[in-house]
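Only one structure is covered here, and it is reproduced in the block below.
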Amino acid sequence: MKNASIQLVETSQRKGDIPDFRIGDRIEVHQKILDGAKERIQVFEGDVIARQNSSVSETVTVRRLVQGEGVERIFPVHSPRVAKFVIKKAGAVRRAKLYYLRDRVGKATKIKDDVKRQHKIDADLKSAAEAAAKAAQETAAKKTAEGEISKSAAKKKAKREAEAAAKKKG
C-alpha cells in the first residue's frame, strides 16, 4: 500500500487524456523533441507489444520495422515529453506480451483486427474531429465579431497591399 502523500503527488502527475489502447494495437506516439532552440513533434508509429507497471511509472513498448530491421522504443505513458497517443488500428491478440514477434518475419508478424473496437475508435475520432472543427468555427466567428482577423486573412491582406503598392510605384 502506498503512502497517502506519494499517491497525492502521483495523481497530480498523471495525464487524463490517455486513450484506451491495448496490446496488439497499432498506435502513433507523438513525442516532443528539442531540436536546437526549437521544440518539434516526432511521430513513432508501431505495434504495442507490452505495457508495464501502473500509475505514473507506466510504460509502453512500441515495435515497428524500419528498412527490414525491427526497432523497439519504450515510452513512459505519463511523461510530459509525450504529447499524445493516437490509435490507428485495433488489434485482437490473446497474449499480454507479444515478444514472440521479434523472431517472426513477414506475414507471420500480422496481428488480427478487432473490428468491434475499431468501429468505436473510428466513431470517437470522427466526433472529436467534428467537435474541433465546430470549436474552430466558433472562435473564428467570435474573432470576426470583435473585429480581429485570422492569421491567413492578415497575410492575404498584407499581400494585396504589397501588390497595390508595387503597382503604384511601377
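For the residues Arg160, Arg63, Arg95, a GNM of the chain with alpha-carbon springs under 10 Å puts the largest fluctuation on Arg160.
Calculated FRET efficiency, Glu148 to His78, Cβ-Cβ distance, R0 = 35 Å: about 0.45 to the nearest 0.05.
Taken per residue, the accessible surface of the chain reaches 74 Å², heavy atoms only and a 1.4 Å probe.
At R0 = 22 Å, how high is the FRET efficiency between Arg95 and Ile18 if r is their beta carbon distance? Nearest 0.05 is fine. Kindly include the intermediate steps, with their values, before the conclusion.
On the way: r = 22 Å, r/R0 = 0.99.
Given R0 = 22 Å and the Cβ-Cβ separation, E is 0.50.
Amide hydrogen proximity for Asp114: with H placed 1.01 Å from N in the peptide plane, the residues at 5 or more positions away or on another chain lying under 5 Å are Ala90, Gly91, Ala92. Dividing the convex hull volume of the alpha-carbon atoms in the range 47-143 by its residue count gives 160 Å³ per residue. Measuring between alpha carbons in the structure, the pairs from Lys2/Lys126; Lys116/Lys142; Lys126/Lys157; Lys38/Lys134 lying more than 32 angstrom apart are Lys2/Lys126; Lys116/Lys142; Lys126/Lys157.
Relative contact order for the range 30-129 using alpha-carbon pairs under 8 Å, separation at least 6, rounded to a whole percent? Computed value for the range 30-129: 21 percent relative contact order. Using the Karplus relation 6.51 cos²θ - 1.76 cosθ + 1.60 with θ = phi - 60°, the per-residue 3J(HN,Hα) values for the range 144-157 come to 5, 5, 7, x, 7, 10, 6, 4, 5, 5, 5, 5, 4, 5 Hz, with x marking Gly and Pro.
Sorted from greatest to least, the principal axis extents spanned by the alpha carbons of the range 107-153 come out as 59, 20, 7 Å.
Centroid-to-centroid, using Cα positions, the range 106-170 and the range 30-65 are 25 Å apart.
Couplings 3J(HN,Hα) of the range 36-50, computed from phi: x, 8, 8, 10, 10, 10, 10, 9, 10, 10, x, 8, 7, 10, 6 Hz, in residue order, whole Hz [Karplus 6.51 cos²θ - 1.76 cosθ + 1.60, θ = phi - 60°; x for Gly and Pro]. Pairs of Cα atoms nearer than 8 Å and 6+ residues apart set the relative contact order; for the chain it is 19 percent. Taking amide H positions as placed 1.01 Å from N in the peptide plane, with prolines and chain starts having none, which residues 5 or more places from Ala83, or on another chain, fall under 5 Å of its amide H? Correct list: His30, Gln31, Lys32. Using a probe of 1.4 Å on the protein chains alone, the accessible area found for Lys89 is around 80 Å². Carbon and sulfur: what percent of the range 68-138's accessible surface (1.4 Å probe)? Looking at the range 68-138 in its full context, I get 55 percent from C and S. Geometric descriptor of the range 1-102, per residue, is 127 Å³ (volume of the convex hull of the Cα atoms). Calculated mean residue ellipticity, 222 nm, the chain: -12500 deg cm²/dmol, from DSSP H runs (n ≥ 4) at -39500 (n - 2.57) each, averaged per residue and rounded to 500. Accessible surface for Leu8 stands near 120 Å², nearest 10, in the context of the full protein assembly shown (1.4 Å probe). The alpha-carbon of Lys107 sits under 19 angstrom from the alpha-carbons of these aspartates and glutamates, leaving out residues fewer than 8 places away in its chain: Asp25, Glu45, Asp47, Glu69, Glu72. Per-residue Karplus couplings for the range 67-75, computed as 6.51 cos²θ - 1.76 cosθ + 1.60 with θ equal to phi - 60°, are listed in order as 6, x, 10, x, 10, 10, 10, 10, 10 Hz, Gly and Pro entered as x.
Quick one: plug the Kirkwood hydrodynamic radius of the chain (C-alpha pairs) into Stokes-Einstein at 10 °C, 1.306 mPa s, and report D in µm²/s. In µm²/s, the coefficient rounds to 79. Dipole magnitude for the chain: computed about the Cα centre from +1 point charges on Lys and Arg Cβ and -1 point charges on Asp and Glu Cβ, it is near 540 debye.
The values are calculated or read from the model by the stated rules, or taken from the named source; none is laboratory data. Quick caveat: nothing in here was measured; it's all calculated off a predicted structure. Ideal geometry is used to build each Cβ from the backbone, glycine not excepted, and the neighbour counts take in all protein chains shown. For the accessible areas, the whole protein counts, side chains as well, though only heavy atoms, and no ligand, DNA or RNA atoms are used. Shrake-Rupley method; radii C 1.70, N 1.55, O 1.52, S 1.80 Å.
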